[in-house]
1. Restricting to DSSP H runs of at least four residues, report the calculated mean residue ellipticity at 222 nm for the chain, -39500 (n - 2.57) per run over all residues, nearest 500 deg cm²/dmol.
2. List the lysines whose Cα sits under 25 Å from the Cα of Lys145, skipping any in the same chain fewer than 8 residues away.
3. Within 10 Å, count the other beta carbons around each residue, average over each peptide in 143-152, 80-89, and list them highest first.
4. So for the range 31-170, taking the charge dipole from beta-carbon charges (+1 Lys/Arg, -1 Asp/Glu), which of Thr68, Gly52, Ser134 sits furthest toward the positive end?
5. Grab the Cα-Cα distance for Gln67 and Asp140, subtract it from 0.36 nm times how many residues apart they are, and report the gain in nm with one decimal.
6. Taking only protein heavy atoms and a 1.4 Å probe, what accessible area per residue, in Å², does the range 1-137 have with all protein chains in place?
7. Rounded to the nearest percent, how much of the accessible area of the chain (1.4 Å probe, protein heavy atoms only) is carbon and sulfur?
8. Can you compute the FRET efficiency between Val119 and Arg151 using 1/(1 + (r/R0)^6), with r the Cβ-Cβ distance and R0 = 25 Å? Round to the nearest 0.05.
Amino acid sequence: MSNILLAKRKKILFVLGLFFLFLTTSFIFLEEVAYIWIKALHTIAVIAWMAGMLYLPRIFVYHAEVQTGSDTSETFKVMEHKLLHIIMNPAMAATWVLGSWMAWQQDWYNSGWFIAKLVLVLLMTIAHCYLYISVCTFADDKNKKTNYYWRVFNEVPTVLVIGIIILVIVKPF
Ligand code: HEM
């Protein structure tokens, strides 16, 4: 990766880090307002993360069908790398930081719905790590999985999202 791109990424991460530091510290004094704003930012981060979790396996479906070394395969590698590093990784980090802040602020850690939600979110995070490893496998032209395998895998985040949303909005227990 070029030095310019690396410097740009470092600058973006630095500004994002500053923003979250400002957001968390300054809002500690306005708890209720902070909670609603943080819940909105949490939901925005969730949407970005889930967009990547549902789209990346779909790219793998088509990538598994094309010739290794072809122009299409090289294009898919760039799409996968950018989706993972520019959208999914920062969105997952923001989802965890903002969600954990809300759980700490309202002491949700003792609630049944939150513990069940955390189990499903941990499974989602494991799926994210598996997709991360798979991006590297495709980048090295070492993917052995079929397009059908990736079609089935694509359903994992879908099922988890359904469970997570029901738990956090309905809070059944
Ligand atoms: C990564 C770890 C996560 C933690 C620690 C976390 C924690 C929380 C907490 C404490 C709330 C506030 C609940 C309330 O005030 O009613 C919340 C809200 C929410 N979370 Fe998460 N969450 C996480 C990940 C996710 C994921 C992966 C999704 C979806 C796929 C999600 C979807 C939502 C939604 C939609 C709300 C708003 C619920 C409402 O308005 O009542 N969260 N989250």
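The values are calculated or read from the model by the stated rules, or taken from the named source; none is laboratory data. It should be emphasised that the depicted structure is a prediction, and the values quoted were computed from it without experimental measurement. A quick note on method: Cβ atoms are made from the backbone with ideal geometry, for glycine too, and the neighbour counts reach across all protein chains shown. For the accessible areas, the whole protein counts, side chains as well, though only heavy atoms, and no ligand, DNA or RNA atoms are used. Shrake-Rupley method; radii C 1.70, N 1.55, O 1.52, S 1.80 Å.
1. Numbers: 7 runs with 139 residues, N = 173.
One gets -27500 deg cm²/dmol as the mean residue ellipticity at 222 nm.
2. Lys145 reaches Lys77, Lys82.
3. Details: 143-152: 13.7, 80-89: 16.4.
Order by mean packing, descending: 80-89, 143-152.
4. The residue sitting most towards the positive pole is Thr68.
5. The Gln67-Asp140 span can extend by a further 24.9 nm.
6. 60
7. On the way: 7750 of 10640 Å².
Answer for the chain: carbon and sulfur cover 73 percent of the accessible area.
8. Values: r = 25 Å, r/R0 = 1.02.
My answer for the efficiency is 0.45.
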